[in-house]
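Note sheet for the following structure.
Laboratory data are not the source of any read-out in this text; all were calculated from the coordinates shown. Nothing here was measured: the structure is a model prediction, and the numbers come from that model. Quick reminder, even Gly has a Cβ in these numbers, built from the backbone with ideal geometry, and neighbours come from all protein chains shown.
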Amino acid sequence: MHILVTNDDGVQAPGLLALAQEMRKLGEVTIYAPDKNWSASGHVKTMERPFRVRETRLADGSTAFMSDGAPSDCVALALLGLVQNVDLVISGINPHANIGHDVTYSGTVTAAMEGVIAGVYGIAVSLDSPDNFGELLDYSTAAIVGRRVAEKVLEDGLPKGVLLNVNVPYLLESELNGYMITRQGLRVYRDALDKRVDPRGKPYYWIGGETPTGVDEPGTDFGALRAGHVSITPLQLDLTAREAMETLQRWNWQP
Ligand SMILES: [Mn+2]
């Protein structure tokens, strides 16, 4: 098996190394990720400029490739032929959960989406870590979970067009409450406009505010994490609101 490991935090992020090391137990691994942090960059296709691809070395001495594109650009380039015979794209480990509406912002998730667009299995792995842990985060449980999920996907396959969004509670592996198949829950964003003034008296703006929370509903990604479960949400790129179609069809569309 040939596994492409990527992320949205930049190739040198510790979560990527932890994931790559576990993936090597399943097969050949190629690491190709952005050269900087693209968190919350969404699903990107860069059309206005070319990319350079450079080789780098990770903390364990292994070789990795990086370029100045978004996570989804890296996956696209890889699957267009830069990397041969990829079976699975796995993205992460992101240091924060990607649940609810996060999936459309997430570079971690959209990298896995790009795999699905190219007809390759896609998995995104994120860790629901406490705030302000920074470089001290322990990725070992999430890396083992990532390997377990990848193993299952490579064995059993995934339905066409489906990727897996995996979120792991910040617990020891022995403390996990098992794996739960979930649906997307509801994030509660607490963003606030933060207006400041530059040294020349001109205003500038941050999207500031508090860390988002979520609605703790059973069966959802957020609910599963709260209960100590690994959350596995199957996602698809078809965002059609099917119930709304019927409502809209009942409107009078005559001019
Ligand atoms: Mn990130």
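Give the residues of the range 92-103 that are more than 10 Å from the ligand (Cβ to nearest atom) and out of contact with any helix residue (DSSP H, G or I) (no Cβ under 8 Å at 6 or more places or on another chain), sorted by residue number.
HIS101
Suppose we filter the range 71-115 for residues that are within 18 Å of ARG52 (Cβ to Cβ), aliphatic (A, V, I, L, M) and surrounded by 24 or more Cβ atoms within 10 Å (Cβ to Cβ); how many remain?
So the count comes out to 2.
Taking into account only those residues within the range 1-53 that are assigned to a loop (DSSP other than H, G, I, E, B) and of a type in the set (S, T, N, Q), which is farthest from the ligand (Cβ to nearest atom)?
My answer is THR46.
Could you list, in sequence order, all residues of the range 66-114 that are more than 20 Å from VAL125 (Cα to Cα) and touching a Lys or Arg at 6+ places or on another chain (Cβ under 8 Å)?
Correct list: SER67, ASP68.
Which of the numbered conditions does ALA111 fail, given that it passes all the others? Conditions: (1) within 30 Å of THR213 (Cα to Cα); (2) more than 16 Å from the ligand (Cβ to nearest atom).
(2)
Considering the range 156-210 alone, what residues qualify as being exposed (fewer than 10 other Cβ atoms within 10 Å of the Cβ) and polar (S, T, N, Q)?
SER174
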